[in-house]
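A quick write-up on the structure given underneath.
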Amino acid sequence: MEVDEIVKCVIIGSGPAGYTAAIYASRANLKPVLYQGIQPGGQLTITTEVENYPGYEHGIQGPEMMVDFEKQAKRMGADIRFGVVTKVDFSSVPYKLQIDEGKWIAAHSVIISTGASAKWLHLESEQRLNGFGVSACAVCDGFFFREKEVAIVGAGDTAAEEALYLSKLCTQVHLFVRRNEMRASKIMQDRVLSKENIKVYWNTETEEILGEKKVEAVRVKNNKTNQTQTIPVSGFFVAIGHQPNSEIFKDWLTMDEAGYVKTVPGTSKTNLEGVFASGDVQDKIYRQAVTAAGSGCMAALDAERYLSEKGIH
Ligand code: NDP
């Protein structure tokens with residue numbers, strides 16, 4: 001294949017992990033090229049206020065924060081490009097990446113920061129009210145529903161953890177489980193079931209989220225009895241899992257059964273030397289902007305060390 005250019009470091013993705021990697025890699029003179037992907041700025045561009053990122057005393061809007069990240073990376077000299085990496089060929093070094101199903105570029109090191117996408121129920125009302133009471137992250141947005149009633153859908157460890165988190169802030173948490181049992185670990189289930197202000201609705205599916213401009217209630221149906229009920233809530237949390245954006249790497253990188261890229265613990269190293277992973281594509285536990293940014297920094301430092309060991313300057 002024809003390669004259009006060869007660079008020292010390509011960063012894939014433009015969330016906190018990718019931009020932080022770009023800041024560090026630029027300052028280390030790796031002259032990184034960053035491809036922003038389908039959703040420049042990543043998952044934070046679909047949230048509203050971010051109050052838990054250190055350094056913003058009064059909080060900041062998610063999209064605005066990502067513009068700050070981008071500007072900082074640019075100011076350090078990162079070459080930020082609008083484009084999607086559609087295919088990779090990691091069979092030999094330098095590694096090859098195809099951009100927008102067209103040209104190929106080669107890179108001596110690659111930092112993967114493609115993130116993960118929350119799974120949604122795909123209701124029209126869920127999309128319309130996203131950011132107006134509908135959220136896929138209790139740790140990010142739960143605070144806005146202090147002393148209010150909220151609902152959460154899901155039955156895995158994330159749903160259990162988020163329901164417990166919300167129960168500390170909200171007056172009442174309504175948890176909708178679609179089967180008659182939860183998938184979450186026993187200990188998490190026990191905690192959820194013994195919490196006074198969490199009410200579990202078994203065999204229950206969400207039919208619609210109600211509200212014009214913001215969430216006001218949710219209509220659910222019991223799939224055994226077909227009975228519906230409307231529950232007034234101010235927030236609606238979806239916790240039915242995430243999908244790491246790792247599809248294009250599956251022929252090359254070691255992943256767990258859910259598709260999260262495996263890294264050597266304590267590093268950003270993947271099974272291929274010179275290929276590093278950071279942020280949510282390799283983290284199913286923490287998934288925070290600040291942890292993603294931290295791991296982006298690790299990836300840039302690992303890439304820098306790798307390139308200097310290989311004598312690529
Ligand atoms: P999981 O895939 O484990 O669970 C998703 C849950 O969502 C399932 O219970 C599923 O129901 C339910 N669900 C899926 N689609 C729908 C739908 N359309 N309507 C209603 N419910 C739906 O995802 P998690 O994010 O919970 O966890 C991912 C991984 O991360 C797991 O391995 C988990 O153990 C791990 N994790 C560990 C934590 C920890 O150790 N502290 C914290 C968080 C996650 P059903 O059961 O019926 O399929």
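Only the coordinates and a few stated rules stand behind these numbers; no lab work does. None of the values given here were measured: they were computed from a predicted structure. For neighbour counting, all protein chains shown are included, and Cβ atoms are generated from backbone atoms with ideal geometry for every residue, glycine included.
Considering Cα pairs under 8 angstrom that are at least six residues apart, work out the relative contact order of the chain and quote it in whole percent.
In percent, rounded to a whole number, it is 21.
Which percent, nearest 5, of DSSP beta bridges in region 120-238 are antiparallel?
Here the antiparallel bridges make up roughly 40 percent for region 120-238.
At Lys199 and Asp79, where each label point lies 7 Å from the Cα along Cα→Cβ, what is the point-to-point distance in nanometres?
Here the answer is 5.9 nm between the modelled labels.
How large is ³J(HN,Hα) for each residue in region 6-17, as worked out from phi by the Karplus curve 6.51 cos²θ - 1.76 cosθ + 1.60 (θ = phi - 60°), to whole Hz, x for Gly and Pro?
Here the 3J(HN,Hα) series is 10, 10, 6, 8, 10, 10, 10, x, 10, x, x, 5 Hz.
I need the shape label for region 26-75. Rule: rounded when a/c is under 1.5, else prolate if a/b > b/c, else oblate, with a, b, c from the alpha carbon gyration tensor.
oblate
Measure out, as a whole number of angstrom, how far apart the alpha-carbon centroids of region 251-313 and region 182-224 sit.
35 Å
With a ≥ b ≥ c taken as the square roots of the eigenvalues of the C-alpha gyration tensor of region 120-238, please select rounded if a/c is under 1.5 and otherwise prolate if a/b is larger than b/c or oblate if it is not?
oblate
Farthest toward the dipole's positive end in the chain, which of Thr204, Pro63, Ile80, given Cβ charges of +1 (Lys, Arg) and -1 (Asp, Glu) about the Cα centre?
The listed residue farthest towards the positive side: Thr204.
Please list, in chain and number order, the residues 5+ apart from Ala136 or on another chain whose amide H is under 5 Å from its amide H, with Hs placed from the backbone.
Residues meeting the criterion, in which the H sits 1.01 Å from N, are Val238.
Would you mind computing, in nm to one decimal, how far apart the modelled labels at Asp89 and Thr267 are, each placed 7 Å from Cα along Cα→Cβ?
It is 2.8 nm.
Roughly what would the spin-label model give for Arg183 and Glu147, points 7 Å off Cα along C-beta, in nm?
Roughly 3.7 nm, to one decimal.
Over 20 Å between Cα atoms, which of Lys199/Lys284; Lys8/Lys310; Lys213/Lys284 qualify?
Beyond 20 Å: Lys199/Lys284; Lys213/Lys284.
Per DSSP helix of 4 or more residues, -39500 (n - 2.57); summed, then divided by the residues of the chain. What does that give at 222 nm, rounded to the nearest 500?
-7500 deg cm²/dmol
Calculate the length of the line joining the C-alpha centroid of region 21-59 to that of region 102-164, in whole Å.
Taking the Cα centre of region 102-164 as reference, the centre of region 21-59 is 17 Å away.
Among Leu169, Tyr306, Trp120, whose Cα sits farthest toward the positive end of the charge dipole of the chain (+1 at Cβ of Lys/Arg, -1 at Cβ of Asp/Glu, about the Cα centre)?
Highest projection toward the positive end goes to Leu169.
Taking Lys214 as the anchor, which lysines have their alpha carbon closer than 16 Å to its alpha carbon, excluding any fewer than eight residues away along the same chain?
Output for Lys214: Lys148.
How high is the relative contact order of region 1-117? Use alpha-carbon pairs under 8 Å, at least six apart in sequence, and give a whole percent.
With pairs under 8 Å counted, the relative contact order is 37 percent.
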